[in-house]
Amino acid sequence: MIKKKNSEIEKDYLKKINKIQKLNKAYYVNSKPIVEDKIYDELKKNILDLEKKYYFLKNEMSPSTSVGYKPSKNFKKVRHMTPMLSLGNAFNRDDLINFEKKIYNFLSFNHNTKIEYSVEPKIDGISASLFYKDGKFIQGLSRGDGAQGEDITENLKTIEDIPKDLNGKDYPHEIDIRGEVFINNSDFENLKNKFANPRNAASGSLRQKDPKETKKIPLRFVAYTFGYSKDLKIKNQFEFLVSLKKWGFKTNEFNKVISGIENLITNHKKIEEQRNKIDFDIDGLVYKVNDFNLQKRLGYAANAPRWAVAHKFSANKSISEILKIEIQIGRTGALTPVAKIKPVNIGGVLVSNATLHNEDEINRKDIRLGDTVIVERAGDVIPHVISVDKKKRNKNSKKFVFPKKCPSCGFETIKEFNKITKKFDAVRRCPDRGFECEKIAIEKIKHFISKDAFNIDGFGKKIVESFWAKKLIRYPNDIFNLDYKVISKLEGWGDISVANLKYSIETKKKITLSRFIYSMGIRHIGQENAKLIAKNLNSLDNFLSMKNQLDFRHLLNIDGIGDTQIISIQNFFSNKKNLLMLEKFKKIIEILPEEENIIGGIFKGKTFMLTGKLEGISRAEAKSLIEKNSGKISSNVNKKLDYLVIGDKPTIRKVNEAKDLNIKVISQKDFLKMLNFKDF
Ligand code: IVH
């Protein structure tokens, strides 16, 4: 096969991009389409096909990254005063019970205490944050990556539902009002040929460079929360929603206050039935603990609040047939069986893979090759097999035998024993031996470049696989030592794309410690734990010097780190390949300060230890209060300890040890007084 020159492919692609831009301009700017929809669609498909085939092709004007005419990367980036976070999902009763249980435990509430929720439809649009100072709309930002958004003030000003001046007098001096920008389904009818769905239409027009373009599309805005605020006197979410209306915002007519899981479920069913009659897309309901005081106490875990959840609408289901069962190997060595099924359309999406979760699940449901199965697709979650129609099963079918050896490296797989549940794990694993197993190594590198880790622009999973196959990478650090000469000769790579890649990689050498720790892909060390460890260790050298430690128990002082995490960290540092990799990173990366502003709280420099049962507050909340106020937590009495907080039935030995060391022993009441808490 003659290799078509990359420069030729790029040239041809750019020509098509140019053409589509002209067509877009004619449609959006001049409102005078110059070709039939069919021709436009063909050109669009052509571009998308090219991008699929040659992954180096990328252009900000491509219909895959933008919609309409000139959405721009030129918007000014602005840091949100309070990050714009996402929500955890709940799909069924169990998820909701779990959500509420965590809240009760955290708050140490008994079940006679009722929790009220503000219940709001979750509109499937684009969120925006609007800053008002003394009632005047000053600046509007897109969500961006949650930490930084784009300044799209002028575009937002074109939306009628967004008040330029707030009504009344009782608004706070300063406030970020947050809500959803969306488009009504009836308005989308006229835009059907240009956008895949209403959400894309809203997002595309909101990010037009020219606000006049935004104005042409009937965007709407519904407000539902706030970020930063100064002097907000409101006590709960529902009252806040009422105030939003008074100030001139539109709020959702389906908003209400409900308590009790069963009542939430009844309401969910009712709204889901009406869903098709509503003129905009909603993909579930959002439940927020109504009381702002409780919200504050509950706080946030990693990227989402503990006080809110999105209860998604039920999944779509379809019947299909299992053609093949493949075993995938994940970053942590988990062997996940995946069913290749006869493609079926489930809720508008063609599904041909469905996860079977793990070995136990296959055995429990007795899933076999050739079986007729019901497949479910819920939200953005991977489709899964719910049940087997055994009546339709072929008499000759045989039980599926799960491989006992890793299909990638051939190593004996294991099932771990959980000391707490006293059961064997449902998941079979290839034991993680660093980078010995090819599949695990590839997955580790994919994790390394992923969004929440090193986040290297333009370096996707497909490139990891291709570079691996070409033996260009074996370890994450190889990414910083690529042979660009070799890459530029590879099919699909041109000078421009190589230069872009090099640039993206170079800019990511500066990274926060928490991201770096997370990127190592240590099992059980997710983003939240990585942040906690980074905060505790404070420097790359401290992290690297852990290799000299046999005992990692001091990490138990960190709230959230338990035996499971310690064992995992120990395993990581006992592997020579990992150590070698860390040594190399020491010479490559430079540590940046953490992304969040750690403001010196009243417990700065102070270490606390808790003993005995606390009253009206859980241990988790007490720990979180200490950390929120910049304090540290210790799990044993030592000289560095400043305060031992005693609850009911404390461990006498600990109290005596503390007294011997002249450490202040204080009651729970004293502790809460220090924080100005009057509620307990
Ligand atoms: S509250 C931390 N309320 O859902 C609080 N979000 O996955 C997060 N959304 O980015 C936002 N309707 O775009 C909230 N009534 C509602 C919402 C809502 C839609 C979207 C929003 C957010 C995403 C969270």
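The values are calculated or read from the model by the stated rules, or taken from the named source; none is laboratory data. Please read all numbers here as calculations on a predicted model, not as lab measurements. Glycine gets a Cβ as well: all are built from the backbone with ideal geometry, and neighbour counts include every protein chain shown.
Numerical summary
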item	result
Matching residues, segment 533-565, being modelled with pLDDT of 90 or more, closer than 23 Å to ALA302 by Cα and surrounded by 14 or more Cβ atoms within 10 Å (Cβ to Cβ)	ILE533, ALA534, LEU537, LEU540, PHE543, GLN565
Segment 482-501, subset of a type in the set (S, T, N, Q) and touching a residue at least 40 places away in the same chain (Cβ under 8 Å), residue farthest from TYR13 (Cα to Cα)	ASN500
Residue ID - surrounded by the most Cβ atoms within 10 Å (Cβ to Cβ), chosen from residues in segment 239-262 that are under 22 Å from MET84 (Cβ atoms) and within 12 Å of the ligand (Cβ to nearest atom)	LEU244
Pairs, first touching a residue at least 40 places away in the same chain (Cβ under 8 Å) in segment 462-475, second assigned to a helix (DSSP H, G or I), C-beta under 7 Å, six or more apart	TYR475/MET581
Search result, residues across segment 302-314 that are of a type in the set (A, V, I, L, M) and either within 15 Å of GLU100 (Cβ to Cβ) or over 13 Å from the mean Cα position of the chain (by Cα) (or both)	ALA308, VAL309, ALA310
Hits in segment 164-182 - residues which are within 16 Å of the ligand (Cβ to nearest atom) and touching a Ser or Thr at 6+ places or on another chain (Cβ under 8 Å)	ILE175, ASP176, ILE177, ARG178, GLY179, GLU180, VAL181
Condition broken by LYS312, with the remaining ones in (1) within 16 Å of the ligand (Cβ to nearest atom); (2) of a type in the set (Lys, Arg); (3) at pLDDT 95 or above satisfied	(3)
Subset tally (residues that are part of a loop (DSSP other than H, G, I, E, B), within 26 Å of the chain's Cα centre (by Cα) and more than 16 Å from the ligand (Cβ to nearest atom)) for segment 130-143	0
Residue, farthest from SER635 (Cα to Cα), within segment 498-556, restricted to residues that are acidic (Asp, Glu) and part of a helix (DSSP H, G or I)	GLU506
Some residue of segment 106-120 being more than 30 Å from LEU614 (Cβ to Cβ) and either part of a strand (DSSP E or B) or more than 16 Å from the ligand (Cβ to nearest atom) (or both)	yes
Flag for PHE402 being aromatic (Phe, Trp, Tyr), surrounded by fewer than 16 Cβ atoms within 10 Å (Cβ to Cβ), modelled with pLDDT of 90 or more and more than 23 Å from ARG515 (Cα to Cα)	no
Residues located in segment 405-435, provided they are out of contact with any strand residue (DSSP E or B) (no Cβ under 8 Å at 6 or more places or on another chain), free of Cβ contacts under 8 Å to residues at least 60 places away in the same chain and surrounded by 13 or more Cβ atoms within 10 Å (Cβ to Cβ)	CYS409
The listed residue being more than 30 Å from LEU490 (Cα to Cα) and at pLDDT 80 or above, out of LYS44, LYS70, LYS102	LYS102
Scope segment 167-181; condition surrounded by 16 or more Cβ atoms within 10 Å (Cβ to Cβ) and either in contact with a helix residue (DSSP H, G or I) (Cβ under 7 Å, 6 or more places away or on another chain) or not in a loop (DSSP other than H, G, I, E, B) (or both); matching residues	TYR171, GLU174, ILE175, ASP176, ILE177, ARG178, GLY179, GLU180, VAL181
Residues of segment 463-479 satisfying the condition of being part of a helix (DSSP H, G or I) and hydrophobic (A, V, I, L, M, F, W, C)	ILE463, VAL464, PHE467, TRP468, ALA469, ILE479
Boolean, ASN92 is more than 16 Å from the ligand (Cβ to nearest atom), within 24 Å of the chain's Cα centre (by Cα) and modelled with pLDDT of 90 or more	no
Qualifying residue in segment 346-355 (condition: within 16 Å of the ligand (Cβ to nearest atom), without any contact (Cβ under 8 Å) to a residue 24 or more places away in the chain and not in a helix (DSSP H, G or I))	no
Residue list for segment 263-291, filter: in contact (Cβ under 8 Å) with a residue 40 or more places away in the chain, out of contact with any helix residue (DSSP H, G or I) (no Cβ under 7 Å at 6 or more places or on another chain), in a helix (DSSP H, G or I) and away from the ligand (no atom under 13 Å from the Cβ)	ASN267, HIS268, GLU272
Residue match in segment 121-129 (condition: modelled with pLDDT under 90, surrounded by fewer than 18 Cβ atoms within 10 Å (Cβ to Cβ) and either hydroxyl-bearing (Ser, Thr, Tyr) or within 16 Å of the ligand (Cβ to nearest atom) (or both))	yes
Segment 299-320, residues that are assigned to a strand (DSSP E or B), crowded, with 16+ Cβ neighbours inside 10 Å and in contact with a strand residue (DSSP E or B) (Cβ under 7 Å, 6 or more places away or on another chain)	ALA308, VAL309, ALA310, HIS311, LYS312, ASN316, LYS317, SER318, SER320
Residue among ASP187, ASP161 that is within 16 Å of the ligand (Cβ to nearest atom) and either of a type outside the set (A, V, I, L, M) or surrounded by fewer than 18 Cβ atoms within 10 Å (Cβ to Cβ) (or both)	ASP161
Failed criterion for GLY146 (all others in (1) within 28 Å of the chain's Cα centre (by Cα); (2) away from the ligand (no atom under 12 Å from the Cβ) hold)	(2)
Complete set of residues in segment 409-425 that are in a loop (DSSP other than H, G, I, E, B) and either among the aliphatic types (A, V, I, L, M) or more than 18 Å from PHE435 (Cβ to Cβ) (or both)	LYS419, ILE420, THR421, LYS422
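Results for (1) at pLDDT below 85; (2) under 30 Å from PHE75 (Cβ atoms); (3) in contact with a strand residue (DSSP E or B) (Cβ under 8 Å, 6 or more places away or on another chain), shown as yes or no for each residue.
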| site | (1), (2), (3) |
| --- | --- |
| LYS194 | yes, yes, no |
| ASN200 | yes, yes, no |
| PHE221 | no, yes, yes |
| LEU244 | no, yes, yes |
| PHE249 | no, yes, yes |
| PHE254 | no, no, yes |
| GLU272 | no, no, no |
| ASP279 | no, yes, no |
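Yes/no matrix, rows are residues, columns are (1) part of a helix (DSSP H, G or I); (2) among the small types (Gly, Ala, Ser); (3) touching a residue at least 60 places away in the same chain (Cβ under 8 Å); (4) under 30 Å from PHE552 (Cβ atoms):
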residue: LYS639; (1), (2), (3), (4): no, no, no, yes
residue: PRO650; (1), (2), (3), (4): no, no, no, yes
residue: VAL655; (1), (2), (3), (4): yes, no, no, yes
residue: LYS659; (1), (2), (3), (4): yes, no, no, yes
residue: ASP670; (1), (2), (3), (4): yes, no, no, no
residue: ASN676; (1), (2), (3), (4): no, no, no, no
